[in-house]
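Undergrad: First the structure, then my questions, so here it is.
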Amino acid sequence: SNKYGQLCVDTGGEDISTPTMLDINDQVAASVMAIKESSFILYEDGTVSGCGRNNVGQLGDGTFADSALSSVKLDDPAVRLFGGPRAQSVFFVMDDKSIWGTGLNDRGQLGVGNTQNRNLPTRVEFDDQLQIDLLSVSAGHAVAVGTTATADEGADSTLYGLGEQ
């Protein structure tokens, strides 16, 4: 399905049934990720494009308009993407290891302190000493596994829940 432009090709909502090359303006894709009705491309330079459904701000471009290809508004280079196939939220790991989330937040699943949807990436305030290793997102919640390194005791792994309890 390309109903919302989630395949990053502007077909006017027509489905695509054969492999189709994307026009990404000579950028080099480092990774891709698909969530419920949106897709994301992380480029080697740390910029990110979003495609598809944007009804709750999940493309992170400052709008709520669906798009076949838009730029996620990030202040710093991203190095990793986290999401989930049933999610309408996405998380970006930045070069400084901080985590930023955008999209559906009606149950607090972005972990930003309230339940307002976000159409711009917003920082998730994890402990500064924590490095998030894994983050999985669902429709109503997210879970994260992080590692805290201490000089005396080595590394300690912690599980975090975000969203509806």
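Undergrad: Can you return the lysines within cross-link range of K36? Criterion is Cα-Cα under 17 Å, with same-chain partners fewer than 8 residues away left out.
TA: Straight-distance partners of K36: K3.
Undergrad: Now for a separate question. Pull up all non-local amide H partners of D66: gap of 5 or more, or a different chain, and H-to-H distance under 5 Å with H placed in the peptide plane.
TA: Here the answer is N54, since their amide H atoms fall under 5 Å of that of D66.
Undergrad: Enter the accessible area per residue of the stretch 1-142 (Å², integer; probe 1.4 Å; all protein chains in place).
TA: On a per-residue basis, 50 Å².
Undergrad: Across the stretch 96-101, in residue order, what do the Karplus-derived ³J(HN,Hα) couplings come to in whole Hz, using 6.51 cos²θ - 1.76 cosθ + 1.60 with θ = phi - 60° and x for Gly and Pro?
TA: 8, 6, 6, 10, 10, x
Undergrad: If amide H atoms are built 1.01 Å from N in the plane of the peptide, which residues on other chains or at least 5 residues away come under 5 Å of the amide H of V124?
TA: I99, W100, G101
Undergrad: For D10 and K73, what does the FRET efficiency come to when R0 = 22 Å and r is the distance between their Cβ atoms, rounded to the nearest 0.05?
TA: 0.60
Undergrad: In whole percent, and with a 1.4 Å probe on the protein chains, what portion of the accessible area of the stretch 1-107 is carbon and sulfur?
TA: Reported share for carbon and sulfur atoms: 47 percent.
Undergrad: Excluding same-chain residues fewer than 8 positions from K73, which lysines have a Cα within less than 18 Å of its Cα?
TA: K97
Undergrad: Still on this structure, I have one more. Go through the stretch 11-21 residue by residue and turn each phi into a ³J(HN,Hα) via Karplus (6.51, -1.76, 1.60, θ = phi - 60°); whole Hz please, and just put x for glycine and proline.
TA: The phi angles translate into 10, x, x, 6, 5, 10, 10, 9, x, 10, 5 Hz.
Undergrad: Per residue of the stretch 53-59, what does 6.51 cos²θ - 1.76 cosθ + 1.60 with θ = phi - 60° give for ³J(HN,Hα)? Whole Hz please, x for Gly and Pro, Karplus curve as stated.
TA: 5, 9, 5, 10, x, 5, 7
Undergrad: Hey, what's the per residue convex hull volume over the C-alpha atoms of the stretch 1-154, in cubic angstrom?
TA: It is 112 Å³ per residue.
Undergrad: Let me ask you something else. So if R0 is 45 Å, what FRET efficiency would Q129 and K3 give, r being the distance between their Cβ atoms, rounded to the nearest 0.05?
TA: For Q129 and K3, the calculated efficiency is 0.55.
The values are calculated or read from the model by the stated rules, or taken from the named source; none is laboratory data. This structure is a prediction, so every number in the text was calculated from the model and none was measured. Please note: Cβ atoms are built from the backbone with ideal geometry, for glycine as well, and neighbour counts cover all protein chains shown. Side chains included, ligands, DNA and RNA excluded: accessible areas come from the protein's heavy atoms. Shrake-Rupley method; radii C 1.70, N 1.55, O 1.52, S 1.80 Å.
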